[in-house]
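These notes concern the structure reproduced below.
The values are calculated or read from the model by the stated rules, or taken from the named source; none is laboratory data. These figures come from a predicted structure and were not determined experimentally. Please note: Cβ atoms are built from the backbone with ideal geometry, for glycine as well, and neighbour counts cover all protein chains shown. Calculation scope for accessible area: heavy atoms of the full protein, side chains included, ligands and nucleic acids excluded. Shrake-Rupley method; radii C 1.70, N 1.55, O 1.52, S 1.80 Å.
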Amino acid sequence: KMSRLVVVFGATGNVGAHVISGLVKANSAGLKIRAVTRDPDALLKILGPQENVEVVKGELSITGIEHLQPVLEGATRVFMCLPQSLSAVDMVTVSNGLVDACKKASVPHIVRISSARIDTYLGVGGGGFPTQGPLGEAHVAGETYTKQQGIGLTSVRPTSFSSNFVTYDLSSIKSTNGFASPLGTEAAVNWVAIADIAAVAVRALVDSSYDGKELQVTGPPSSTLTALQMKALIEKKSGRTIEYTHVECPPIPDLLGLWNFLRAGGFDLSTSVVLDATGKAPQDFSDFLDTLDLTPA
């Protein structure tokens, strides 16, 4: 069998780190892994010596896309997850820059972390959702360009990363016994664990039967929660009263589009993709909360 080389961008990132460990565990015959990170020394410390893993410097950024050629040399698959810090405009530039570099390096296939329901363009009254706005449309543009360039694509489309709860809500729950968001009290959002997103991506990287698929990756139905259900769950876990405050969304088009989509129920869905792809049920948000320290700071 030919040796296969998977290039993983953002190898120390939220999802990327799990993809690296998943690929190492998959121990697929003839599989070589090239881990791309801004800080190779830090990653080498975490990984320790791995015979099938090569660590190189590089990043998916406006300046980083100029230097991807050597990183992609010989790759049969590429894993990409755009940094959450990018604006919608920069997402398209960076994604298309990576695709151009992949084309030059004759990379046949990309596995991309995108977002659930990015292409649901049903208008008001059509029983559907508004788009995610600029962020979702940036994913659509990036995926469309990939296909136009003749590169195979598997689109891994998660609902809300459970790690976002840690990023945006945990510190205020610890310090003020409360959390705030523009979600309102009615809409429900499904939460999915980053380890589950990564596990599906790993399947797509080692199993060509997933080529060309759009995979809506979610947590179980019990992980689809309104803000008030989250409040009740956190109260149960922490043993104290937690306040939820609805706040207005900052007047930034990227965020306005996303929250408009979420308030319309855009992430109110649950699929069997994690179980089907990995053989394991996805982590429940309640179990995710058990891994966190909710004690007052």
Margin query: Please go through (1) open to solvent by 70 Å² or more (accessible area, probe 1.4 Å); (2) at pLDDT below 90 for residue 62 and return the number of the only condition it doesn't satisfy.
Written below: (2)
Note to self: Is it the case, given these coordinates, that residue 57 is at pLDDT 95 or above, touching a helix residue (DSSP H, G or I) at 6+ places or on another chain (Cβ under 7 Å) and open to solvent by 70 Å² or more (accessible area, probe 1.4 Å)?
What the structure shows: yes
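Can residue 197 be described as touching a helix residue (DSSP H, G or I) at 6+ places or on another chain (Cβ under 9 Å), closer than 20 Å to residue 266 by Cα and not acidic (Asp, Glu)?
For residue 197, the condition - touching a helix residue (DSSP H, G or I) at 6+ places or on another chain (Cβ under 9 Å), closer than 20 Å to residue 266 by Cα and not acidic (Asp, Glu) - is met.
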Check: Is there any pair linking a residue in the stretch 17-31 that is closer than 14 Å to residue 3 by Cα to one that is not aliphatic (A, V, I, L, M), with Cβ under 8 Å and at least six apart or on different chains, and which?
Finding: 28/4; 29/1; 30/1; 30/3; 30/4; 31/3; 31/4; 31/52
Check: Looking at this structure, is residue 234 aliphatic (A, V, I, L, M), at pLDDT 95 or above and within 21 Å of the chain's Cα centre (by Cα)?
Finding: no
Note to self: Please count how many residues of the stretch 91-114 are within 21 Å of residue 202 (Cβ to Cβ) and surrounded by fewer than 17 Cβ atoms within 10 Å (Cβ to Cβ).
What the structure shows: 1
Next item on the list: Check off (1) farther than 19 Å from residue 161 by Cβ; (2) under 20 Å from the mean Cα position of the chain (by Cα); (3) of a type in the set (Asp, Glu) for residue 268 and give me the number that stays unchecked.
Entry: (1)
Notebook entry, point to check: Does at least one position in the stretch 5-16 carry a residue that is aliphatic (A, V, I, L, M), touching a residue at least 12 places away in the same chain (Cβ under 8 Å) and within 24 Å of residue 137 (Cβ to Cβ)?
Noted result: yes
Notebook entry, point to check: Hey, among the residues in the stretch 1-29 that are more than 20 Å from residue 98 (Cα to Cα), open to solvent by 40 Å² or more (accessible area, probe 1.4 Å) and of a type outside the set (A, V, I, L, M), which one's farthest from the chain's Cα centre (by Cα)?
Noted result: 1
Note to self: For the stretch 240-285, give me each residue that is among the β-branched types (Val, Ile, Thr) and more than 27 Å from residue 177 (Cα to Cα).
What the structure shows: 252, 271, 273, 274, 278
Next item on the list: Search the stretch 267-283 for residues being small (Gly, Ala, Ser) and in contact (Cβ under 8 Å) with a residue 24 or more places away in the chain, and hand back the single one that is surrounded by the most Cβ atoms within 10 Å (Cβ to Cβ).
Entry: 277
Next item on the list: Identify, from the list 77, 112, 117, the residue that is within 30 Å of residue 256 (Cβ to Cβ), touching a residue at least 60 places away in the same chain (Cβ under 8 Å) and in contact with a Leu (Cβ under 9 Å, 6 or more places away or on another chain).
Entry: 117
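Which residue, of 108, 130, 158, is within 13 Å of the chain's Cα centre (by Cα) and of a type outside the set (D, E, K, R)?
Of the residues listed, the single one that is within 13 Å of the chain's Cα centre (by Cα) and of a type outside the set (D, E, K, R) is 158.
Filter the stretch 267-293 for residues that are outside any helix (DSSP H, G or I) and acidic (Asp, Glu); which is farthest from residue 134 (Cα to Cα)?
Of the residues in the stretch 267-293, the ones outside any helix (DSSP H, G or I) are 267-272, 279-284, 291-293.
Now narrow it down to the ones that are acidic (Asp, Glu): 268, 284, 293.
Details: 268: 20, 284: 30, 293: 34 Å.
Going through the qualifying residues, I end up with 293.
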